[in-house]
Amino acid sequence: MADGTSVKPAFDVVAVREQFPILKRQINGRPLVYLDNAASAQKPRAVIDRLVSVMENGYSNVHRGLHTLSNEATEAFEQAREIVARFLNAESAEQIVWTKGGTEAINLVANGIGLDIREGDEIIVTEMEHHSNIVPWHMLRERKGAVLRWAPILDDGSLDMEAFKGLLNARTKMVSVTHMSNVLGTINPVAEITRLAHAAGARVLVDGCQGAVHSIPDVQAIGCDYYVITGHKLFGPTGIGALYGTMEALEALPPYQGGGEMIETVEKERITYARPPHRFEAGTPPILEAIGLGTALEWLSGFDPAAIHAHEQALYDRAAQRLGELDWVRILGTAEGKGSVLAFTVDGAHAHDVAQIMDRYGVAVRAGLHCAEPLAKRLGVTSSTRASFALYNTLEEADAFADALIKARNFFV
Ligand SMILES: *Cc1c(COP(=O)(O)O)cnc(C)c1O
């Protein structure tokens, strides 16, 4: 650090907020308190400006032309792939496949793995998975007779590791587990899970759609075969996500969709496919979206991850402490080291009503099943309300959230 090049500026939430134009909005006459970050994060000026700039100055299709604009667009697009590779600590950019989001990335893997799945083969998921990491495997159950096995959670919302170990056996082909729960906030020991699964001969997919936002994702340290991110929760555009795979694991997958750009040669009687990652990128890719995600990750890398983490933790702790004082509120998920996602139920009130009334006070929270219906069943709730914090939220907003909840309560008693 002597030369100062790796020193990042101290975390200044006011300065961070300045970079998000939308945070100046009023909602129902009050300042917006945006606490729906686990559903989608807002976009910094850097990303907005980059998208406009590419469209105004450097836009074209990629890979096709030999003209200047095409070359510029291709360079920016492939540079974004390299940024994602660095963000995930992948060995090479060739291990990064663009997808339209986390959901498509998981479907791509499930579809490819499916070729090798025989009736009775087992796939382990956990009770805390997002539907995106459940339904593609259910479809393999329907199509191929695969058996879904569910690793249970403990009452604090952490994974029951002993039970998980008990599920592994010679029939286990795949373990697909979330890095961080989008409801409980639980961060799973994915390196340990990977080690155990590999010892049983299974492949491992880690759903990092939340985990990559709240921890530093390091695919080499985790050791997983596949890791999935989605751009719009990482302050990037919608319509873009990425699948990381070890080269061996990517090469084990057949093409997902057929079309331009994913082939080597096409003849009337035969085709040969391109190598990963292009094998999985049929058609014109989401060019602007990929470049925008690259910009978002570059922007994010300007902060000290430990400072972001400490800030988000303080927001969570403040909100959880305030809700802890309310005997009519139940917080879902109290696992140690959990991320800044706070889901809760309110006695005598439906989550949707809670969220709608909080909106009157400018507070944006999500309500419902949060795409995790098996988890809701396990927790014995029909729905919950969720506040999820990002680096641009403030302690004042955590208080405004708790205050709005207390006011909302008056509508129900
Ligand atoms: C959001 C989310 C997904 C799905 O991502 P999309 O961007 O909707 O495709 C998958 N898993 C988790 C844990 C998520 O939070």
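Observations
- Couplings for region 167-182, taken from phi via the Karplus curve 6.51 cos²θ - 1.76 cosθ + 1.60 with θ = phi - 60°, read 7, 5, 7, 5, 8, 5, 9, 8, 10, 10, 9, 7, 5, 9, 6, 7 Hz in order; Gly and Pro are left as x.
- Lysine pairs within the chain, Cα separation less than 28 Å, 8 or more sequence positions apart or different chains: 25
- Annotation: amide H-H contacts under 5 Å for Val204 (H modelled 1.01 Å from N, sequence separation of 5 or more, or interchain): Val175, Asp225, Tyr226.
- Fraction of beta bridges assigned by DSSP in the chain that are antiparallel (%, nearest 5): 60 percent
- Two-decimal log10 I(q)/I(0) for region 321-413, as the Debye equation yields it once each C-alpha is a single scatterer, q = 0.10, 0.21, 0.23 Å⁻¹: -0.24, -1.12, -1.34
- Couplings 3J(HN,Hα) of region 30-45, computed from phi: 10, x, 4, 10, 8, 10, 10, 6, 6, 8, 5, 9, 6, 10, x, 3 Hz, in residue order, whole Hz [Karplus 6.51 cos²θ - 1.76 cosθ + 1.60, θ = phi - 60°; x for Gly and Pro].
- Residue-count net charge about Gly29 - beta-carbon cut-off 13 Å; Lys, Arg +1, Asp, Glu -1: +2
- Listed from fewest to most Cβ neighbours within 10 Å, the set His232, His350, His370 follows the order His350, His232, His370.
- Here the chain is treated as an ellipsoid with the same Cα gyration tensor; its semi-axes, largest first and in whole Å, are 35, 29, 19.
- Rounded to the nearest 500, the 222 nm mean residue ellipticity of the chain from helices alone is -11000 deg cm²/dmol, with -39,500 (n - 2.57) taken per DSSP H run of at least 4 residues.
- Max mean-square fluctuation residue, GNM over the chain, Cα-Cα springs under 10 Å, options Ala307, Ala242, Ala364: Ala307
- Charge dipole of region 1-158 (Cα centre as origin; +1 on each Lys and Arg Cβ, -1 on each Asp and Glu Cβ, all else neutral): 620 debye, rounded to the nearest 20.
- Where GluC sites (Glu not before Pro) fall in DSSP loop in region 297-405, at most 14 other Cβ within 10 Å: Glu325, Glu336
- The phi-based Karplus calculation (6.51 cos²θ - 1.76 cosθ + 1.60; θ = phi - 60°) puts the 3J(HN,Hα) values of region 242-254 at 9, 10, 9, x, 5, 4, 5, 5, 5, 5, 6, 9, x Hz, whole numbers, x for Gly and Pro.
- Here r is the Cβ-Cβ distance between Lys268 and Glu192 and R0 is 41 Å; the resulting FRET efficiency, rounded to 0.05, is 0.20.
- Amide hydrogen neighbours beyond the local backbone of Thr172, cut-off 5 Å, H modeled: Glu122
Here, each number is a calculation from the coordinates, and none is a lab measurement. The structure displayed is predicted, hence computed values, not measured ones. Note that we place each Cβ from the backbone using ideal geometry, even for glycine, and neighbour counts take in every protein chain shown.
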